[in-house]
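Below is one structure, written out as structure tokens; comments come after it.
The values are calculated or read from the model by the stated rules, or taken from the named source; none is laboratory data. It should be emphasised that the depicted structure is a prediction, and the values quoted were computed from it without experimental measurement. Note that each Cβ is placed from the backbone with ideal geometry, even for glycine, and that neighbours are counted across all protein chains shown. Side chains included, ligands, DNA and RNA excluded: accessible areas come from the protein's heavy atoms. Shrake-Rupley method; radii C 1.70, N 1.55, O 1.52, S 1.80 Å.
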Amino acid sequence: MTYDCIIIGLGPAGSSAAYYLAKKGLSVLALDKERFPRHKPCGGCVSYKAEHLLPPDFKSVVNNNVNGAVFSYNGKKKVEFRGSNGPVGYMVSREVFDAYLVKKAKEAGAEIKEGERLLDIDDSQNSVTVFSSKDRYKGRYLIGADGANSSVAKRLGLAKERSLFITINAEIKTGSDDDFSDLVEIDIGAIPYGYGWVFPKNGCLDIGIASVRNESFNPKKYFLEFIKKRPFLKDIKIEKTYAFRLPTNPENTPLNITGKSALLAGDAAGLTDPLVGEGIYYAIKSGRLAGETIINLLNKNSDISDYSERISKEFISEFNYAWKAVKLIYSMPYFWSGIIKRNSKIVEFYYKVLRGEETYSSFAKKLKAVAGR
């Protein structure tokens, strides 16, 4: 059998593509080396603008709504802002959320194979052959959605240029998260060129730090300091921490995410927001765009390069503005913590970005005006 599309990886990008293509009646095979549900280190915050891309019942796996944030600077100067137009995002457990997306793709008609590792790919014009740890498969097109360490990207020589978020997080059980039931905490300056977070998840708190600066320093030190500055974590024993990296496209760097018959989506393509490290929305959206591209290719209505052009237009142009915000905010965290405390309009405008009502280009221009640059 020759599938219309073979998908490698069943995170949000792969499952989104599989669900969309199967719903359109295409023959879809999706492989993942893991079995679901599986643990996935991640803050687990899904921005509101992803809602229209998800199945109608996705809120069945949402832990709680995010209605705003408590902003701080190194644990001090705390100020709370709730959004005025409803949720800005949703908290999920990636273990539960990803398993839900796989289930929806399977229900839509996609053929799912778990615990099957990619060994090699033959990427030819209008066809691909995938060699796995269990079998060989042929397809018309392939979507590589296998995460930050994408085997598809490595084997096809794609997406070599990328910047990396250095991230550490832990999930702890505590009864002390009542004050954060619908708020997240964002600590600007908790780590150089980055931030710390506290995300509530129904009796649990996901805590972590992330930095987009690629230089030699000890992130574990900043993580431990971040915890010490939070009294509600004083007597909490952290059993396990997770260190991982999130890839994002470097500023003003051309994309390299398509082969002859293959496309990359999600983290495999380096589609992470460079300001806050959000990847879930961009994974879901790029999975959908990859699916739309493949339908157009099968109908001979486009060229595979159209996918890169769409990603560049919808994501990368915005990421380049987000990089400007990175430089402004993370180079002067104390200054911006003061601005945030005095200027709720800046925060409300960013909430609109998370809701999909405004863009990073507009947000960066507002920041630049405030900074007088």
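Checking the condition touching a helix residue (DSSP H, G or I) at 6+ places or on another chain (Cβ under 6 Å), basic (K, R) and over 20 Å from Y282 (Cβ atoms), which residue from K154, K77, K113 passes?
K77
Checking K76 against (1) within 25 Å of the chain's Cα centre (by Cα); (2) open to solvent by 60 Å² or more (accessible area, probe 1.4 Å); (3) within 30 Å of R230 (Cα to Cα), which test does it fail?
Among (1) within 25 Å of the chain's Cα centre (by Cα); (2) open to solvent by 60 Å² or more (accessible area, probe 1.4 Å); (3) within 30 Å of R230 (Cα to Cα), the lone unmet condition for K76 is (1).
Is there any pair linking a residue in the range 201-228 that is among the basic types (K, R) to one that is assigned to a helix (DSSP H, G or I), with Cβ under 8 Å and at least six apart or on different chains, and which?
Matching pairs, first to second residue: R213/Y330.
Can you confirm whether L297 is of a type outside the set (D, E, K, R), modelled with pLDDT of 95 or more, part of a helix (DSSP H, G or I) and surrounded by fewer than 23 Cβ atoms within 10 Å (Cβ to Cβ)?
Taking the combined requirement at face value, the residue satisfies it.
Going through G68, G115 one at a time, which residue ends up being open to solvent by less than 40 Å² (accessible area, probe 1.4 Å), farther than 22 Å from G279 by Cβ and touching a residue at least 60 places away in the same chain (Cβ under 8 Å)?
Numbers: G68 fails: farther than 22 Å from G279 by Cβ.
None of the others qualify; the one that does is G115.
Taking the range 248-279, which residues are open to solvent by less than 10 Å² (accessible area, probe 1.4 Å), closer than 17 Å to R94 by Cβ and not in a loop (DSSP other than H, G, I, E, B)?
G266, A268
Restricting to the range 118-145, name every residue that is modelled with pLDDT of 95 or more, outside any strand (DSSP E or B) and open to solvent by 40 Å² or more (accessible area, probe 1.4 Å).
Listed by number, the residues that qualify are S133, K134, D135.
How about the range 1-50: which of its residues are over 30 Å from Y351 (Cβ atoms) and polar (S, T, N, Q)?
Across the range 1-50, the qualifying residues are T2, S27.
Restricting attention to the range 146-169, and to residues there that are polar (S, T, N, Q) and in a loop (DSSP other than H, G, I, E, B), which single residue is nearest to V276 (Cα to Cα)?
Ranking the qualifying residues of the range 146-169, first place goes to N149.
List pairs: first in the range 338-362 and at negative phi and touching a residue at least 12 places away in the same chain (Cβ under 8 Å), second basic (K, R) and outside any helix (DSSP H, G or I), Cβ under 8 Å, 6+ apart or cross-chain?
Close Cβ pairs satisfying both conditions: G338/K77; K341/K77.
The conditions are (1) part of a strand (DSSP E or B); (2) in contact (Cβ under 8 Å) with a residue 12 or more places away in the chain; (3) surrounded by fewer than 19 Cβ atoms within 10 Å (Cβ to Cβ), and P37 fails exactly one of them. Which is it?
Answer for P37: the failing condition is (1).
Can you find, within the range 230-247, the residue that is modelled with the lowest pLDDT among those that are part of a loop (DSSP other than H, G, I, E, B) and of a type outside the set (K, R)? Can you show your working first?
Applying the first criterion (part of a loop (DSSP other than H, G, I, E, B)) to the range 230-247 yields 230, 234-241.
Cutting the leftovers down to of a type outside the set (K, R) gives us 235-236, 238-239, 241.
On the way: D235: 74, I236: 77, I238: 82, E239: 80, T241: 91.
That would be D235.
Would you pick out the residues in the range 176-216 that are hydroxyl-bearing (S, T, Y) and modelled with pLDDT of 90 or more?
Y193, Y195, S211 - these are the residues of the range 176-216 that are hydroxyl-bearing (S, T, Y) and modelled with pLDDT of 90 or more.
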